[in-house]
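The values are calculated or read from the model by the stated rules, or taken from the named source; none is laboratory data. Every value quoted in this text rests on a predicted model; they were computed, and no experiment measured them. With ideal geometry, Cβ positions are generated from the backbone for all residues, glycine too; neighbour counts draw on all protein chains shown. Quick note on the areas: whole protein, heavy atoms, side chains included, nothing else; ligands and nucleic acids left out. Shrake-Rupley method; radii C 1.70, N 1.55, O 1.52, S 1.80 Å.
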Amino acid sequence: MTILDIRLIPDPVLRKKAEKVEGPSDEIITILDDMAETMYNAPGIGLAANQVGVLKRLIVIDCSTEEEEPNLLKMINPEIITSTNEKSELEEGCLSIPEHKSNVVRPSKVEVSYMNLNGETEKLTAEGLLSACLQHEIDHLNGILFIDHISRLKRDMIIRKVKKQLRENEK
Ligand SMILES: [Zn+2]
């Protein structure tokens, strides 16, 4: 397995829409394995293919706490099929926007359909952190970042700070 480079804003690949995948080919399974290793290495709780420069609809998630057993989800073509009107607010961060966090309001509960590694369609209902994480990662596949859900003022401030950090890192 390989640890992949994580793309940071303002990399344009983060703003592109990823394409549907036909099924779990060897290539797709390898990408998902590498994405999982990259996520754990970061460390993070979710990663979308756009974030490693691959425009395919693939995400990996593990929202388990340190006391819990790992619960790695590898999803092909994940899609939100229902979401509640009730909203929840949770603090989010993103491996593509390092060192910045913000509260984000999203539907509390979602039902997601996706293809598993056997090519079968599965459904998952989630709430709490897993719900927010699924919505965050599926957003990535549509070129949407968590900072798009917060005030413009705060978004512009974060983008400015990340660009400044990147410039300083290049020196
Ligand atoms: Zn993210």
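Quick test for you: out of Gly128, Gly143, pick the one residue that is out of contact with any strand residue (DSSP E or B) (no Cβ under 6 Å at 6 or more places or on another chain) and within 26 Å of Glu19 (Cα to Cα). Reasoning before the result, please.
Details: Gly128 fails: within 26 Å of Glu19 (Cα to Cα).
Every option except Gly143 fails the conditions.
Quick check on this structure: which one of Val162, Val104 is within 16 Å of the ligand (Cβ to nearest atom), of a type in the set (A, V, I, L, M), in contact with a His (Cβ under 6 Å, 6 or more places away or on another chain) and at negative phi? Quick ask: steps written out before the conclusion?
On the way: Val162 fails: in contact with a His (Cβ under 6 Å, 6 or more places away or on another chain).
Every option except Val104 fails the conditions.
Failed condition for His149, given (1) closer than 19 Å to Ile45 by Cβ; (2) of a type outside the set (A, V, I, L, M); (3) open to solvent by less than 50 Å² (accessible area, probe 1.4 Å), with all others met?
Checking His149 against (1) closer than 19 Å to Ile45 by Cβ; (2) of a type outside the set (A, V, I, L, M); (3) open to solvent by less than 50 Å² (accessible area, probe 1.4 Å), the one that fails is (3).
Which of the residues belonging to the range 1-28 are surrounded by fewer than 19 Cβ atoms within 10 Å (Cβ to Cβ), touching a residue at least 60 places away in the same chain (Cβ under 8 Å) and part of a helix (DSSP H, G or I)?
If the condition is that a residue be surrounded by fewer than 19 Cβ atoms within 10 Å (Cβ to Cβ), touching a residue at least 60 places away in the same chain (Cβ under 8 Å) and part of a helix (DSSP H, G or I), then Arg15 is the only one that fits.
Tell me whether the range 74-86 contains one or more residues that are within 16 Å of the ligand (Cβ to nearest atom) and open to solvent by less than 20 Å² (accessible area, probe 1.4 Å).
Yes: one or more hits.
Have a look at Glu137, Glu89 and point out the one that is of a type in the set (Asp, Glu) and within 30 Å of Val21 (Cβ to Cβ). Let's see the steps before the verdict.
Values: Glu89 fails: within 30 Å of Val21 (Cβ to Cβ).
After ruling out the rest, the residue left standing is Glu137.
Limited to the range 29-52, what total is found for residues that are among the aliphatic types (A, V, I, L, M) and assigned to a loop (DSSP other than H, G, I, E, B)?
Applying the first criterion (among the aliphatic types (A, V, I, L, M)) to the range 29-52 yields 29, 31-32, 35-36, 39, 42, 45, 47-49, 52.
So of that shortlist, the ones also assigned to a loop (DSSP other than H, G, I, E, B) come out as 42, 45.
Residues that pass the stated criteria total 2.
Please verify whether the range 127-146 includes one or more residues that are under 18 Å from Ala48 (Cα atoms), free of Cβ contacts under 8 Å to residues at least 60 places away in the same chain and away from the ligand (no atom under 12 Å from the Cβ).
Yes: the range 127-146 contains one or more residues that are under 18 Å from Ala48 (Cα atoms), free of Cβ contacts under 8 Å to residues at least 60 places away in the same chain and away from the ligand (no atom under 12 Å from the Cβ).
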